[in-house]
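To start, the structure itself, in structure tokens.
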Amino acid sequence: MSNLLNFKTIIVAASLIALVANPAAAQSTANSQLQSSSAKHHFSVSEVSAILAEFAINSALAPYDGNGSATLLAQTSGDAKFVVSLFGCENPADGSQCTGAVIYTATSNAGIAYDDINRFNASTNVTIAVNVAERNIILFGRQLFFAGGVGRDNFKYITELFLRDMQNFMDARVAAGTSVSLNVAPAAAGKTDNVAGSGDTITFGAKPVSIGGAADHALSAAIANTWQVSFAPPGALTHE
């Protein structure tokens with residue numbers, strides 16, 4: 001099983017838990033994905049990148065690694081890192097005509113209790129948080145399926161809610177005095193040098209850690225996403 005499939009399985013399982021725990025909220029979330037007047041059954045990397053640009057978010061397509069999915073690396077104007085992985089693509093190498101997506105990021109789990117994660121999952125708009133103890137990180141993700149039709153505005157709104165969820169989490173950590181910096185080991189301190197962004201080119205490295213696929217991108221995001229970063233786009237978010 002690929003790392004991406006493993007990650008998607010975690011997110012789906014967590015989503016099922018959320019459905020059982022809070023059916024009203026889950027139904028509200030599902031309704032937000034109903035097709036609009038411009039419903040689409042496929043999205044491509046270029047379309048997703050254009051949506052992110054409307055939030056002043058830079059993104060770049062990662063080199064294709066043969067896992068069947070296209071990986072778009074994104075960086076907010078506040079230096080927060082996240083990933084949009086498009087799957088079921090007609091051509092995964094260039095991310096064209098894809099049937100679904102996972103929007104995800106990560107932070108360190110240092111100083112964060114399960115109660116903190118549970119509170120987040122109980123109040124989140126669209127995002128599910130899962131502790132991955134073996135990686136010392138918390139994964140945050142939202143999965144979208146385009147079958148049946150998803151409007152461009154729906155995709156943009158889900159992305160906006162994901163960003164708001166992440167900003168709420170970061171704000172709560174700052175208020176609690178909890179650092180979300182990832183400290184794995186003294187030998188790994190230089191790994192932050194492998195997470196870089198320059199103009200429209202963004203790379204996630206984590207070269208000293210060889211764990212591959214989605215997990216590698218998640219770890220790199222966790223290294224970058226210290227409490228100083230901001231997921232919120234410039235200006236107020238448009239929905240309440």
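Couple of notes before you dig in:
- Computed from label points 7 Å out along Cα-Cβ, the spacing between A53 and Q228 is 2.9 nm.
- Each residue, D115 and S46, gets one label point 7 Å from its Cα in the Cβ direction; the gap between the two is 5.2 nm.
- Calculated FRET efficiency for the pair A176/Y64, C-beta based, R₀ 41 Å, to 0.05: 0.55
Throughout, read-outs are computed from the coordinates displayed, never taken from laboratory work. Keep in mind that what you see is a predicted model, and the values were worked out from it rather than measured. All Cβ positions, even for glycine, are placed from backbone atoms using ideal geometry, and neighbour counts span all protein chains on display.
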